[in-house]
Amino acid sequence: VNADGERVFDLTAESGTTEFTSGVDTDTWGYNGSYLGPTLVAARGEDVRINVANDLREATTVHWHGMSLPAEMDGGPHQMVEPGATWSPNFTIDQPAATLWYHPHPDGKTEHQVEMGLAGLFLVQDDEEAALTLPRTYGVDDIPVVVQDRRFDDDGQFVTDVRGYIGPIGDQLLVNGTLAPYLDVTSEVVRLRLVNGSTSRMYDFGLSDGRSFDLIATDGGLLAEAAPMDGIRLSPGERAEILVQVTPGETVNLQSTPPDLGTSASAATRNAGDDTLDVLELRAAATLSSIGAPSTTLAAMEPLRKADASADRSFTLNGYTINNRLMDMTRIDETVEAGATEVWTVDNAMPLPHNFHVHAVQFQVLRVGTEPPPAELSGWKDTIYLEPGVRYELIMQFAEYTDPDFPYMFHCHMLAHEDAGMMGQFVVV
Ligand code: C2O
Ligand code: CU
Ligand code: CU
């Protein structure tokens with residue numbers, strides 16, 4: 001904490017090498033190290049400042065995905081950090097406890113920089129979450145699980161130049177930068193903070209023996225009630241916190257089984273939607289600690305009401321466009337009034353997967369087609385998978401930060417699509 005009362009973090013984007021396989025040095029990028037970055041933790045109400053230094057040979061940005069903050073601090077494509085420069089955004093944490101993350105966002109180059117290893121978690125804490133009985137000892141019973149797929153060439157280097165509509169799909173999984181990872185579980189209940197940190201791949205996370213887990217949080221924070229389920233689909237950028245129960249001495253795998261993408265079987269195959277992948281082996285100790293029964297009533301969540309919405313906007317994703325327009329850094333697509341509640345209706349007009357992410361706001365899902373949202377879409381979200389032909393009705397209330405000059409982004413979070421132009425800009429005034 002500095003003299004101004006700000007919690008200060010230092011991040012340096014740098015290049016290096018990582019030994020994913022022993023004896024093989026893979027060229028990678030990371031923050032304060034060779035791959036990924038530190039987990040930043042701050043509490044609701046705190047002022048934070050992050051000194052972002054760029055030691056790479058190319059310009060980058062750092063975007064705080066899921067964070068409510070002024071547009072100039074957002075780290076989108078308008079906040080470029082040139083090689084050798086430092087950018088120091090500051091903002092006040094003003095949202096519920098959640099698993100947020102950070103990653104580069106330079107226009108047209110996001111995929112490559114994320115693939116090289118630039119990404120990290122930003123955990124928000126608050127009193128409401130702290131008052132619940134939940135595992136929260138970081139690295140012990142509260143575990144980040146950043147899942148990324150990668151392909152290695154014969155020299156052990158990342159294959160990052162894959163082109164094509166889908167973008168790069170890897171055949172190996174890295175969890176927090178580790179191949180074939182396992183976790184020694186020492187508690188009866190472990191909280192896994194699942195992050196789809198892949199550029200294109202969709203997952204359906206579950207346990208290898210089919211046991212159910214409790215979903216407790218989505219992108220923007222805790223659900224109202226813990227929701228038991230046996231699988232959760234996450235598209236790139238989405239997060240989920242789950243509680244998994246283990247018994248002494250057992251081994252069970254967190255896996256990804258073929259996600260239901262809502263596409264034809266052949267489109268699913270093209271998107272590697274047929275793969276079953278081991279994600280993380282959970283090895284329970286012979287004796288397990290207990291925090292008692294986890295809370296099942298979690299966060300009070302006021303439903304946003306359609307009657308309060310002052311604008312309706314619709315977005316159709318097609319080709320690499322949103323509403324038939326490719327991203328243009330000089331064009332503002334939407335102008336939103338500060339504090340407004342709005343309904344955004346989003347359609348994927350293609351027979352292929354897309355998703356939709358909105359910066360600086362968390363939304364609630366009103367409708368999935370004609371249905372109310374399922375449990376996994378019942379909480380705060382900032383990114384949502386779009387099944388082809390299904391209309392998603394989202395409601396969101398924008399913060400009071402105004403800036404007529406600097407826009408926020410909305411886009412498909414499949415990074416090849418984002419880079420190709422499936423992105424638009426909105427200002428809050
Ligand atoms: Cu995580 Cu605009 O993105
Ligand atoms: Cu974002
Ligand atoms: Cu897309």
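The values are calculated or read from the model by the stated rules, or taken from the named source; none is laboratory data. Given the structure is predicted, the values throughout are model-derived calculations rather than measurements. Positions of Cβ are generated from backbone atoms using ideal geometry, with glycine treated the same way; all protein chains shown enter the neighbour counts.
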Specify the residue that is nearest to residue 169 (Cα to Cα); the eligible residues are those in the range 191-225 that are of a type in the set (D, E, K, R) and in contact with a Lys or Arg (Cβ under 8 Å, 6 or more places away or on another chain).
204
Of these, 373, 351, 404, which one is within 16 Å of ligand 3 (Cβ to nearest atom) and out of contact with any Phe, Trp or Tyr (no Cβ under 8 Å at 6 or more places or on another chain)?
351
Residue count, the range 199-224, condition surrounded by fewer than 18 Cβ atoms within 10 Å (Cβ to Cβ) and either assigned to a strand (DSSP E or B) or under 20 Å from the mean Cα position of the chain (by Cα) (or both), comes to 1
Is it the case, given these coordinates, that residue 24 is surrounded by 15 or more Cβ atoms within 10 Å (Cβ to Cβ) and either more than 16 Å from ligand 3 (Cβ to nearest atom) or in the same structural domain as residue 108 (by TED's automatic domain parsing) (or both)?
no
Looking only at the range 297-318, which residues are assigned to a loop (DSSP other than H, G, I, E, B) and surrounded by 15 or more Cβ atoms within 10 Å (Cβ to Cβ)?
298, 299, 301, 304, 309
Does the range 254-262 include one or more residues that are of a type in the set (Gly, Ala, Ser) and without any contact (Cβ under 8 Å) to a residue 40 or more places away in the chain?
no
Examine the range 372-382 for a residue that is away from ligand 1 (no atom under 15 Å from the Cβ), surrounded by fewer than 20 Cβ atoms within 10 Å (Cβ to Cβ) and farther than 23 Å from residue 204 by Cβ, and state whether such a residue exists.
no
Given the criterion within 15 Å of ligand 1 (Cβ to nearest atom) and outside any loop (DSSP other than H, G, I, E, B), identify the matching residue among 64, 29.
64
Of the residues in the range 345-368, those that are assigned to a strand (DSSP E or B) and within 15 Å of ligand 2 (Cβ to nearest atom) come to 355, 356, 357, 358, 363
With the checklist (1) closer than 30 Å to residue 224 by Cα; (2) touching a strand residue (DSSP E or B) at 6+ places or on another chain (Cβ under 7 Å) in hand, flag the one item residue 94 doesn't pass.
(2)
Restricting attention to the range 43-84, which residues are touching a Lys or Arg at 6+ places or on another chain (Cβ under 9 Å), of a type in the set (Gly, Ala, Ser) and farther than 20 Å from residue 361 by Cα?
59
Can residue 45 be described as over 21 Å from the mean Cα position of the chain (by Cα) and assigned to a strand (DSSP E or B)?
no
Do we find a residue being within 14 Å of the chain's Cα centre (by Cα), free of Cβ contacts under 8 Å to residues at least 60 places away in the same chain and assigned to a strand (DSSP E or B) anywhere in the range 167-176?
no
With the range 88-138 as the region, which strands (runs of 3 or more DSSP E) entirely inside it contain at least 3 residues that are within 15 Å of ligand 1 (Cβ to nearest atom) and under 13 Å from the mean Cα position of the chain (by Cα)?
98-103, 120-125
For residues in the range 236-269 being over 19 Å from residue 280 (Cβ atoms) and polar (S, T, N, Q), which is surrounded by the fewest Cβ atoms within 10 Å (Cβ to Cβ)?
266
Considering every residue within the range 383-399, establish whether at least one is assigned to a loop (DSSP other than H, G, I, E, B), free of Cβ contacts under 8 Å to residues at least 12 places away in the same chain, not β-branched (Val, Ile, Thr) and not assigned by TED's automatic domain parsing to the domain that holds residue 79.
no
Picking from 400, 387, which residue would you name as being closer than 20 Å to residue 169 by Cα and either touching a helix residue (DSSP H, G or I) at 6+ places or on another chain (Cβ under 6 Å) or away from ligand 1 (no atom under 14 Å from the Cβ) (or both)?
387
